[in-house]
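Colleague: Here it is, the structure in full.
The values are calculated or read from the model by the stated rules, or taken from the named source; none is laboratory data. Since the structure is predicted, the reported quantities are computational estimates derived from the model, not experimental observations. Cβ: placed from backbone, ideal geometry, glycine included. Neighbour counts: every protein chain shown.
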Amino acid sequence: MKEAEKNKKIRIYGAGGHSQVIREVLENNGYEVTETFDDKPSGRHYASKNVTAGARENLSEFPHEGHPVIIAVGINAERAEIAGFLKSDFEKAIHHSAIIAPSAKIGEGTVVFAGAIIQPNTVIGKHAIINTAASIDHDNVIGDYAHVSPKAALCGHVEVGEGSHVGVGAVVIPKVKIGKWCTIGAGTVVLKDVPDYCTVVGNPGKIIKRRTPDVKGYNTSNFSNLTFVGSGISSSFSILHFLDQIEGVNSKRKIKISIIDKYPEFHTGIPYGSRSGSSVHLITSLKNFLPEPELSKFLPWLNNNKNWLLDELKKDGGALAKDWVTTHAEKINNNDWENLFIPRRFFGWYIDEKVKTRLEEFKINGLIDVDYITSNVVDLNKKQDGYELMLDNNQSISSEKVVLSVGSLPVKHLWKQGSLIEKPNLLFINNPYEPNLQKVLQNIGSFVANKPERKVNVLIVGANASGLEMLYKLNDIADLKSHVNKFVFLSTQGLLPDAVIDKERKKEYTPFNLQALGDENKITAKMIADATFKDLDYADEISLGAASTVETISRAFGSLLGKLDEGELKKFACEYGNEIGRRQRCAGFHYSKNIDVLKEEHRFDHIAGRFSDLKLDENGEYRLVYLDTASKQDKTYDEPIHVVINCIGSTKLTNDDIPELLKNMIDKEYCKPNDSKIGFKVNEDLEATENLHIVGPLLAGNIFDGKAVWHVEHCGRIIWLSQMLSQKMKEYFYEDSELRKTSP
């Protein structure tokens, strides 16, 4: 039990007008204010008595120990700075007339004034101000050091970032996210998300000013115990599992976590975030996407949030999105989600909410501090106490441990450089998610609309999930689809991911070649791969698709991997796993149905080959030149191509077009590519070198617990590896339930 709860004694840091309100709340609640401190006692409020100089001028002499403190300073940045250098316990001040739901959580040092309302499931950070008659609806997340002014109204699912100030009488509509250190003017009506460090005024609210962020923040030094570079679901699950590991640890010290991403959206990555939009779907059914126990946690969340989730789907999508909702209306109504290929943005919203809520809980409990940094890490330098991370704005932070979680390698550019190349008769898109899918679709729409005299031909290079998504979205938008004459796929095998399971023939199918290896005493990775390809070739001959064979074949070759020695197992992970995976691609019926319709309309073509070039003909049209898979000869497609979308997949670590950070780490030998050329060598602690950990797709080509890892994009594999990493973090930072004594 805290000392304040025993003796009802407390100290106040700050002697201005704001402190008078806090003092009255405390005294009405039965507290005795024993001391008042201020960094400028001469400027105290006239009603403040016996004010003592604060800690700023002489930090070592300040009486940090003693009764708990409330920082009674109205300026958010100053309150944050003071919280950073005080080594005292902190208390809350909550007016007796405030209405606070039992499920709401309020952090240390936070003050809630008269008439304020805080609804269920809301999380308020530490040292925040919820001012007189402010209304904060359900499921809000209010960051540390934020201030919600008198009579401001925040609707449901609103987020207010660290240090932001919501002015008097401002209104924020549901599900809006306000970034950190923003200012929302008095009376402003906020209708859409606000980036970090912005000032917004008016009705509707408009950004009138942006300022350059200070990457070091206000309340702490630029030193972290643990820094995640990249904030997709690999880092998100690593954070969640780490919090699970340290829950209940009895320690007064905190772990400082920094999360860095070059995009101002955290915890979702490209696939599950806004850059992909709200109307592209999982490539597999939900039950095959998300393993237990996470599936059982996600399903109730889907049930509770499905109305607004479906609204977002229909708002972002077109005819195909509405058809998906109509087709599955009964299952959705009955909360029968497991067999649906749901919009993957649904999972992104879930994981984002879950991580942020858990982080806020641990911040409130004093176990961690979190700093979100929007920047691009371009280099690492190893230091005696960890690493210095160099950012692209010429600033740096230091970290004891670093987790590299940057996702898959970037898309390999097929033709020229740049994410988008526009010519008089050609639009070439090298990255369909740069800056985001919605913007790319708008660019395509503008391009085809400028050619009203004729319809265009669209080439999608790569018959993978990204390619199917692009085809789906191009046909989801009526105005765009109507301008297209033909959709053409180009892929090495000339095969599309399969969607239809033949349940009867699936039972009869037997992978004879793989079964025959079961009787061999000594086998190699190549023997397993060769047998797998023969069994896949046989399935093709009898017209049995991957959806019907993937489970049988995967089980068959998976049972043989245990017979390989470590060297052969690593060879399988590096050389054969992904090659087999490309032959086993499956997709949802909503994607395959779209292709079936196009085939019936004679508007779909699929070429088996590899992209070589685009050549201008005598009419100023671009023609596709490709290496034909069957003949091994260059051929030219017989119709002009007007839009090209590159979906072939990632580059290799051995190429020159990898990100600057990875190139620098390879040059310094902090990280060494393995034979897969898409992953780094790591030890059993998932370290590429001491205190530099890898998680996510860059773990391809490694062996863990006797299991080969050839790709880390399946959610079950991501969860498993993030659990391994979180256990290593717990072992490192905690010894005998106490935090390792490490300081900057």
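Colleague: Here is a list of conditions, (1) assigned to a strand (DSSP E or B); (2) touching a residue at least 40 places away in the same chain (Cβ under 8 Å); (3) more than 20 Å from ALA539 (Cβ to Cβ), and LYS570 meets all of them except one; can you say which number that is?
Modeller: (1)
Colleague: Going by the structure shown, is LYS49 part of a loop (DSSP other than H, G, I, E, B), surrounded by fewer than 17 Cβ atoms within 10 Å (Cβ to Cβ) and modelled with pLDDT under 90?
Modeller: Considered against the rule, which asks whether it is part of a loop (DSSP other than H, G, I, E, B), surrounded by fewer than 17 Cβ atoms within 10 Å (Cβ to Cβ) and modelled with pLDDT under 90, LYS49 comes out as yes.
Colleague: Now a separate question. Would you confirm, using the coordinates I've provided, whether TYR670 is more than 30 Å from LYS423 (Cβ to Cβ), crowded, with 17+ Cβ neighbours inside 10 Å and aromatic (Phe, Trp, Tyr)?
Modeller: Taking the combined requirement at face value, the residue satisfies it.
Colleague: Which residues, counting only those in the range 651-665, are surrounded by fewer than 17 Cβ atoms within 10 Å (Cβ to Cβ) and more than 15 Å from PRO697 (Cα to Cα)?
Modeller: THR654, ASN655, ASP656, ASP657, GLU660, LYS663
Colleague: Could you tell me which numbered condition ALA77 fails, if it satisfies all but one of (1) surrounded by fewer than 17 Cβ atoms within 10 Å (Cβ to Cβ); (2) hydrophobic (A, V, I, L, M, F, W, C); (3) within 35 Å of the chain's Cα centre (by Cα); (4) more than 29 Å from TYR197 (Cα to Cα)?
Modeller: Only one criterion is unmet by ALA77, namely (4).
Colleague: Please verify whether LYS297 is outside the structural domain of GLY143 (by TED's automatic domain parsing), modelled with pLDDT of 95 or more and within 21 Å of the chain's Cα centre (by Cα), treating the condition exactly as stated.
Modeller: Yes, satisfied.
Colleague: Something else: So, restricting to helices (runs of 4 or more DSSP H) that lie completely within the range 456-520, which ones have at least 1 residues that are of a type in the set (S, T, N, Q) and modelled with pLDDT of 90 or more?
Modeller: Passing ranges, in order: 465-476, 512-517.
Colleague: Is there a residue being closer than 20 Å to ASN431 by Cβ, crowded, with 20+ Cβ neighbours inside 10 Å, in contact (Cβ under 8 Å) with a residue 40 or more places away in the chain and of a type outside the set (Gly, Ala, Ser) anywhere in the range 489-508? Lay out the reasoning, then the answer.
Modeller: From the range 489-508, those closer than 20 Å to ASN431 by Cβ are 489-491; that's our starting set.
Keeping just the survivors that are crowded, with 20+ Cβ neighbours inside 10 Å gives 489-491.
Remaining after also requiring in contact (Cβ under 8 Å) with a residue 40 or more places away in the chain: 489-491.
Subsequent filtering for residues that are of a type outside the set (Gly, Ala, Ser) retains 489-490.
Yes, the range 489-508 contains a residue that is closer than 20 Å to ASN431 by Cβ, crowded, with 20+ Cβ neighbours inside 10 Å, in contact (Cβ under 8 Å) with a residue 40 or more places away in the chain and of a type outside the set (Gly, Ala, Ser).
Colleague: Within the set of pairs 6 or more residues apart or between chains, which connect a residue that is of a type in the set (S, T, N, Q) inside the range 41-58 to a residue that is modelled with pLDDT of 75 or more and surrounded by 15 or more Cβ atoms within 10 Å (Cβ to Cβ) with Cβ atoms less than 7 Å apart?
Modeller: Within 7 Å, the pairs are SER48/ALA15; SER48/SER19; SER48/THR36; ASN50/THR36; THR52/GLU35; THR52/THR36; THR52/PHE37.
Colleague: State all residues of the range 603-650 that are closer than 16 Å to ASN457 by Cα, part of a strand (DSSP E or B) and of a type in the set (S, T, N, Q); if no residue qualifies, say none.
Modeller: THR636, ASN646
Colleague: Does HIS138 fit the bill of being outside any strand (DSSP E or B), surrounded by fewer than 22 Cβ atoms within 10 Å (Cβ to Cβ), under 31 Å from the mean Cα position of the chain (by Cα) and not acidic (Asp, Glu)?
Modeller: yes
Colleague: I've got another one for you. Given the conditions (1) surrounded by fewer than 23 Cβ atoms within 10 Å (Cβ to Cβ); (2) of a type outside the set (S, T, N, Q); (3) touching a Leu at 6+ places or on another chain (Cβ under 9 Å), and given that ARG454 satisfies all but one, which numbered condition is not satisfied?
Modeller: (3)
Colleague: Hey, among the residues in the range 263-296 that are farther than 30 Å from GLY318 by Cβ and not polar (S, T, N, Q), which one's surrounded by the most Cβ atoms within 10 Å (Cβ to Cβ)?
Modeller: Once the filter is applied, the top-ranked residue is GLU294.
Colleague: Looking at the range 109-129, which of its residues are in a loop (DSSP other than H, G, I, E, B), closer than 23 Å to LYS354 by Cα and either within 26 Å of the chain's Cα centre (by Cα) or of a type in the set (A, V, I, L, M) (or both)?
Modeller: The answer is PRO120, ASN121, THR122, GLY125, LYS126, ALA128.
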